[in-house]
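J.: Before anything else, here's the structure in question.
The values are calculated or read from the model by the stated rules, or taken from the named source; none is laboratory data. This structure is a prediction, so every number in the text was calculated from the model and none was measured. In this analysis, Cβ positions are derived from the backbone assuming ideal geometry, glycine residues included, and neighbour counts consider all displayed protein chains. Note: areas computed on protein heavy atoms with side chains; ligands, DNA, RNA excluded. Shrake-Rupley method; radii C 1.70, N 1.55, O 1.52, S 1.80 Å.
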Amino acid sequence: MPNQQRVELQMPFRPEYLPLATGCVEQAVQAYGMGRGEAMHLALAVEEVYSFLANRTTPGQRLRLSCRFAGYYAEVVCRFQRGGLPVEAFNITTTVSSDDEKSLEEMGLLLAARTVDQLRISAEAAEMGVHFIKEKLYPSVQDDLPDFAATGPFHLAEPEAELLKQFAVRVHSRFGAKTPPPFQCPGKLVDMVCCGEYDAVLLVDGKGNVGAGILWHCRNKLAEAYGPFVFCDQPRLATQGLEACLAKLARQGLLCLVVQQPPAEMPDGFFEPLEAAGSVLYRQLEEDNGSVAYIHPDIADFYRAETQRLFLPRQLHQALRQGEAGSPRSAFSARMNRPAGQVVLTALWVGEDAAAVLQQHVKALRQAGFNEIIFQLDTGEASQAELSPALLAGGFVPRYILPWGGRGDVLVWTQREEA
Amino acid sequence: MAGSFPPLESLVPRHIQHIEPYIPSKPDDVLRQMFGCERIHRLNNNENALGPSPKAMEALAAIDLFQASVYPSGDAFHLRTKLADRFGLTPDSFIVGNGANEVIAFVIKAFCQEGDNIITADKTFAVYEWVAEFSGYEARLVPLGEDYGFDDDAMLAAIDARTKVLFLCSPNNPTGSYWSEAKLRRFLDRIDGRQIVVLDEAYCEFVEAADFPDGMKLLHEYPNLLVFRTFSKMFALAGLRIGFMAGAEKLIDVVRRTCVVYSVNSFAQQAAIGSLEDATEHIGRTRAMVRQAREFLGPELDKLGLFHLAGEANYMMIRLPMSDTLAYRKLMAQGLMVRSMTGFRFPNHIRVTLGELPVMEKLAEGLKNILPG
């Protein structure tokens, strides 16, 4: 990732060090070329986490702070000894009551969660990490480029800035308001590719016209692609682009490639549909030699039928709590696509209050105008199996399995407004 | 837990952080359970279905198991002597390794340093590329030509001042293509000793074509040439992990400086020596089996309308009208384990080992079952 810059700091949890933490974030983020506003939001998030922890940690514990610039966003990570933070305070549904002292104390964490664009919680050995992400602001697409009649041969071109911007404009001209998010701001697309988080294959003619393109990004073991889109009268370019994309993805250790909402020009024979409507296409990049899926008995029949239909070698383990003590509280993450009215929920932490927290999320998201709520349940995490009864009770329907979409397969549930 | 978790971001070099570990397939008993099949026919690794030669089996049976407590010959002394007799070279012209993969690593370690590069094809055996990249060197990948063979002109054009080693796979895995002796000589002449050329002949013993070059015979003329051979394929000792390289003594002396001694166990060395004793008969039997499999499977695939590429080795590549990884799962459910080729940059292709006829018949049937409509 050529465009990455990183700053790291370690410090004890003592009030006099707070300005060092916030100052570091503020200065680093501005040094990355981002605005003062974005820098202040990230600094505020760190301040809230630091202050909260400083009041609860024992002497000797330290905060590891890192700031990273990835071309189109800055990420700040606070790492500290596990168990010091009430993760549920980061839920979007958390509210603060002025009568409840504990609730007031956690208000800062709530603020921290809402000042950033993305929040993620990670756990590694004895440490816990809270990741705050703030994106750069970019102008949206202004121009319009219609499809064209091809006059010459096309070749594979390196995804250089001007070609990527043209690619974004062509996709936007095709889809208008339904343009997939990565193509909505051409400059952002350039930065996304430049920092290495996204990659693209472009087929270009001798005049520099982008005749076809495919864009993808990788998350854990999964690559998600947009396209192939063809902008001229040469349908064969779709296959050429896809083959070039697969050649680039080969030998990267990725397990699968997914295309949501595949375009009409998608060539036959490369993918398998994950659900009946064909709106999610899937292809494994390596041989699947099996895994364990932790499944609640309520969903076992569906899971078994789907894995048989897809020829997926899976050992189903029925995961049921048997009176053992678990985490009392839960935290969910919500990834929102406001123009589409869609939100994707995942579990950050599953505790005994999961059903109630889920219910709160659904209620709050419905009130906020989201008509499609998706829940992605990772069957590689035994603790998540417990969520199935709550999802069923909440009107969610299991739609399909995304093999190797998380630590194990991801079971995708949806709840539409009418449910 | 005592102590802190190590800071992997700073401890692990950047080029390692971005590499994913290779995950080998699970053992047969686990796979049988996972896929719900009674038996698995392994057609994925180009193993020899006839097994080791009778003399190799005898050598293994004669092993005193107590010898497991004693270190092996650290440089495979007796085996190198046997190889020297067989190929008309000196014992010091050979290095024996724990499979040919290990000698690939020895060569790259011996010749490359920061900023250097190696050159090979984009669609060939992956280990040259992997070893270079996890060692922190650039692997320059030259696309195969229209004939599915290595592109000599393009490889030469890719050379720069930091190019140290060029890897050729002959016959190429997975396409089976090879250069004639005349073409190989022209290539070596144009390199003119400036870089090391590795000729990986892992499958050479399967080749019956008269114009196939014997790398061993070229070693006297080209002191920058290294030839790799293995006991895993034709000699069916894959489970013992043993292979070797040959080259000019001075070159081998350089590579030996990077070798891990004692990496090849005593049993593998004994079995390899046994293999050489009845090599001619074993090669003859195996070639007959592969020929029969190729002659059966080709027309069967034609009937199914599937493009296939057999070349000269003991494998065949087949193009399918579906994802190769989906085909893998569907064939596994029938007990047929093939190699999906997305990782070789041949999407929608599989590679199958040519083996005994009854298994080839099952494969043809299995393919018929999975083809759409």
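J.: Please state the shape class of the range B:1-142: rounded when a/c is under 1.5, otherwise prolate if a/b exceeds b/c and oblate if not, all from the C-alpha gyration tensor.
T.: Here the range B:1-142 falls in the oblate category.
J.: Now for a different question. Hey, in the GNM for chain A with a 10 angstrom Cα cutoff, which one of A:TYR72, A:TYR198, A:TYR138 fluctuates hardest?
T.: Looking only at A:TYR72, A:TYR198, A:TYR138, the largest GNM fluctuation is found for A:TYR138.
J.: How long are the three semi-axes of the equivalent ellipsoid for chain B, computed from the Cα gyration tensor as the root of 5 times each eigenvalue, in whole Å, largest first?
T.: On the way: eigenvalues 194, 133, 123 Å².
The equivalent ellipsoid of chain B has semi-axes of 31, 26, 25 Å.
J.: Now for a different question. Show me, for the range A:37-51, the HN-Hα J-couplings you get by feeding each phi into the Karplus relation (A = 6.51, B = -1.76, C = 1.60, θ = phi - 60°), rounded to Hz, glycine and proline as x.
T.: Couplings: x, 5, 4, 5, 4, 5, 5, 5, 4, 5, 4, 5, 5, 4, 4 Hz.
J.: Sequence-distant or interchain residues sharing an amide H contact under 5 Å with B:ALA76, placed H: which?
T.: none
J.: Let me ask you something else. For the protein assembly as shown, what does the accessible surface come to per residue with a 1.4 Å probe? Please give it in Å².
T.: Accessible surface, normalised per residue, equals 43 Å².
J.: Hey, can you list the residues from the range B:279-328 whose accessible area shrinks by 10 Å² or more with all protein chains present, relative to the chain by itself (probe 1.4 Å, no ligands or nucleic acids)?
T.: B:PRO321, B:SER323, B:THR325, B:LEU326, B:TYR328
J.: Starting from the eigenvalues of the Cα gyration tensor, five times each then square-rooted, give me the equivalent ellipsoid semi-axes of the range B:281-373, largest first, whole Å. List each step's numbers first, then the result.
T.: Details: eigenvalues 95, 39, 30 Å².
Each semi-axis is the square root of five times an eigenvalue, giving 22, 14, 12 Å.
J.: Normalised by the residues of chain B, what does the relative contact order come to in percent, with Cα pairs under 8 Å and at least six apart? Walk me through the numbers before you get to the answer.
T.: Details: 658 pairs, mean separation 87.1, N = 373.
Once divided by the residue count of chain B, the mean separation gives 23 percent.
J.: Using only helices, what value at 222 nm comes out for chain B when you add -39,500 (n - 2.57) per DSSP H run of length 4 or more and divide by the total residues, to the nearest 500 deg cm²/dmol? List each step's numbers first, then the result.
T.: On the way: 15 runs with 145 residues, N = 373.
Per the formula, -11500 deg cm²/dmol.
J.: First check a/c for the range A:291-416, with a ≥ b ≥ c the square roots of the eigenvalues of its C-alpha gyration tensor; if it is under 1.5, answer rounded, and if not, answer prolate when a/b is larger than b/c or oblate otherwise. Please list the in-between numbers first.
T.: On the way: a/c = 1.99, a/b = 1.26, b/c = 1.58.
Oblate shape, in that a/c is at least 1.5 and b/c is the bigger or equal ratio.
J.: I've got another one for you. Which value, in Å² and to the nearest 10, is the accessible area of A:ARG219 when all protein chains are kept and the probe is 1.4 Å?
T.: Roughly 90 Å² of A:ARG219 is accessible to a 1.4 Å probe.
J.: Mind pulling the angle between the C-alpha long axis of helix A:236-249 and the longest principal axis of chain A? Nearest 10 degrees, somewhere in 0 to 90.
T.: Here the helix axis deviates by roughly 40 degrees.
J.: Could you give the dipole magnitude of the protein assembly as shown about its Cα centre, charging the beta-carbon of Lys and Arg +1 and that of Asp and Glu -1, in debye to the nearest 20?
T.: Working: 77 positive and 97 negative charges, 66 e Å.
That gives the protein assembly as shown a dipole magnitude of about 320 debye.
J.: Follow-up. Which value at 222 nm does chain A reach when only helices count, each DSSP H run of 4 or more adding -39,500 (n - 2.57), with the total divided by all residues and rounded to the nearest 500 deg cm²/dmol?
T.: On the way: 10 runs with 115 residues, N = 419.
That calculation yields -8500 deg cm²/dmol at 222 nm.
J.: While we're on this one: Can you find, among A:CYS24, A:LEU377, A:GLN367, the residue sitting farthest towards the positive end of the charge dipole of the protein assembly as shown, where Lys and Arg contribute +1 and Asp and Glu -1 at Cβ?
T.: Sorting the options by dipole projection puts first A:CYS24.
J.: Which one of A:ASN55, A:ASN220, A:ASN289 has the biggest mean-square fluctuation once chain A is modelled by GNM with Cα springs under 10 Å?
T.: A:ASN289
J.: Cα axis of helix A:18-31 to longest principal axis of chain A: angle in degrees, 0 to 90, nearest 10?
T.: 10
J.: Then there is this: Quick one: what Rg and Dmax do you get for the range B:76-135 from the alpha carbons, in Å?
T.: Values for the range B:76-135 (Cα only, Rg and Dmax): 14.2, 39 Å.
J.: Considering only protein heavy atoms and a probe of 1.4 Å, how much of the accessible area of chain B is carbon and sulfur, as a whole percent?
T.: Details: 8600 of 16180 Å².
Carbon and sulfur: 53 percent of the exposed surface of chain B.
J.: Another one. Over all directions, average the projected area of the Cα convex hull of chain A and note it in nm².
T.: Numbers: hull surface 88.1 nm².
Result: 22.0 nm².
J.: Let me ask something else about it. If you place +1 on the Cβ of every Lys and Arg and -1 on the Cβ of every Asp and Glu, how big does the dipole about the Cα centre of the range B:54-278 come out, in debye to the nearest 20?
T.: 500
J.: Measuring from centroid to centroid over Cα atoms, what is the spacing of the range A:241-305 and the range B:124-138 in Å?
T.: 28
J.: Accessible area drop of at least 50 Å² (1.4 Å probe, protein heavy atoms): which residues of the range A:232-264 qualify, relative to the chain alone?
T.: A:ARG251
J.: Moving on. To the nearest 100 Å², how much accessible surface do chains B and A hide from each other in total, with a 1.4 Å probe? Each step should come with its number before you reach the end.
T.: Numbers: alone 17610 and 19780 Å², together 34420 Å².
Using a 1.4 Å probe, the pair buries roughly 3000 Å².
J.: Which of A:CYS194, A:CYS232, A:CYS245 moves the most in a Gaussian network model of chain A with Cα springs under 10 Å?
T.: So, out of A:CYS194, A:CYS232, A:CYS245, the one fluctuating most is A:CYS232.
J.: Take the Cα radius of gyration of the range A:154-284 and divide it by 2.2 N^0.38 Å, with N its residue count; two decimals is plenty. Please list the in-between numbers first.
T.: Values: Rg = 13.7 Å, N = 131, 2.2 N^0.38 = 14.0 Å.
Normalised Rg, Cα atoms only: 0.98.
J.: Further question: How big is the Rg/Rh ratio for the protein assembly as shown, C-alpha atoms only, Rh by Kirkwood, two decimals?
T.: On the way: Rg = 29.5 Å, Rh = 29.6 Å.
Here the Rg-to-Rh quotient is 1.00.
J.: For helix A:354-367, report the angle its Cα long axis makes with the longest principal axis of the Cα atoms of chain A; keep it between 0 and 90° and round to the nearest 10°.
T.: 60
J.: Of all DSSP beta bridges in the protein assembly as shown, what percent run antiparallel (nearest 5)?
T.: Details: 92 of 126 bridges.
Expressed as a percentage, antiparallel bridges in the protein assembly as shown total about 75.
J.: Specify which residue in the list A:LEU320, A:GLY152, B:ALA126 is farthest towards the positive end of the charge dipole of the protein assembly as shown, using unit charges on the beta carbon of Lys, Arg (+1) and Asp, Glu (-1), about the Cα centre.
T.: Toward the positive end, the furthest listed residue is A:LEU320.
J.: Now for a separate question. About its Cα centre, what dipole magnitude does the range B:1-48 give when the only charges are +1 on Lys and Arg Cβ and -1 on Asp and Glu Cβ, stated in debye to the nearest 20?
T.: Working: 5 positive and 6 negative charges, 7 e Å.
Computed about the Cα centre, the dipole is about 40 debye.
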